[in-house]
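S.K.: Below is one structure. I have some questions about it.
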Amino acid sequence: MLEDLIISRVRVKLLELFLGNPGSIFHVRDAVRRVDEEINAVRRELLHMEKCGMVSKEPRANRLFYKFREDYPLYFDLLALISKTKGLGGDILKNKNKIGKIKYAFLSGKFIRNVISAPNEVEMLIVGNVVLPQISQFVRTEETKRGREVNYTVMTEEEFSFRKSRRDSFLVSILEQSRIMIIGDEEEMLK
């Protein structure tokens, strides 16, 4: 999907690498291994990304390390795009017909930024009639990748509407946090 917007395949892979691992730094050769592209193509894209202000480089012990700049004006927009094309968000979008009828699905801002949430914070909410074993499979895959448990909640549309009308403290705490909508309209969800 991201390839539809960004023509350079190598740049797409580098964006997925950097924004799929927020806050991480990568040595050029490590980036080459992870994106599985030619070193010259990776260097060319990193140079372009540096000139655009997307990444910053830092020399350490005769090596150059790159990090995506959080002050880049489109950082959070790109982070949202990556969260919808890769990982748990990408799995949900690609398999939404197998999962069931989803009205709303979102990932918390902390989850997207790879910040560990408090034990009682929900990192993903799905509203609709869904196949729970299918969701659990995607969540387990993400838990293995991240090396920690992912807190998520699934509600039917009726339960969601009822809890929202009652201003249920659990649901209110979920809706108050920052989020990236994977499926559904955020304005409609919050009405």
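S.K.: Evaluate the stretch 97-104: report whether one residue or more is among the basic types (Lys, Arg), farther than 25 Å from GLU187 by Cβ and in contact with a helix residue (DSSP H, G or I) (Cβ under 7 Å, 6 or more places away or on another chain).
M.R.: Scanning the stretch 97-104 turns up at least one residue that is among the basic types (Lys, Arg), farther than 25 Å from GLU187 by Cβ and in contact with a helix residue (DSSP H, G or I) (Cβ under 7 Å, 6 or more places away or on another chain).
S.K.: Can you name the residue in the stretch 62-100 that is closer than 20 Å to ARG146 by Cα and of a type in the set (S, T, N, Q) and, of all such residues, is farthest from the chain's Cα centre (by Cα)?
M.R.: THR85
S.K.: Mind checking whether some residue in the stretch 146-157 is in contact with a helix residue (DSSP H, G or I) (Cβ under 8 Å, 6 or more places away or on another chain) and among the small types (Gly, Ala, Ser)?
M.R.: no
S.K.: Determine which single condition ARG163 fails, assuming it passes every other condition in (1) surrounded by 15 or more Cβ atoms within 10 Å (Cβ to Cβ); (2) under 22 Å from GLY90 (Cα atoms); (3) modelled with pLDDT of 95 or more.
M.R.: Status for ARG163: all satisfied but (2).
S.K.: Would you check if there is a residue in the stretch 151-160 being within 21 Å of LYS98 (Cα to Cα), in a strand (DSSP E or B) and of a type outside the set (Ser, Thr, Tyr)?
M.R.: yes
S.K.: Can you pull out every residue in the stretch 32-63 that is farther than 22 Å from PHE76 by Cβ and among the hydrophobic types (A, V, I, L, M, F, W, C)?
M.R.: Residues satisfying the conditions are VAL32, VAL35, ILE39, ALA41, VAL42, LEU47, ALA61.
The values are calculated or read from the model by the stated rules, or taken from the named source; none is laboratory data. Bear in mind that the values here come from a model prediction, so they are computed numbers and not experimental data. Positions of Cβ are backbone-derived with ideal geometry, glycine not excepted, and every protein chain shown enters the neighbour counts.
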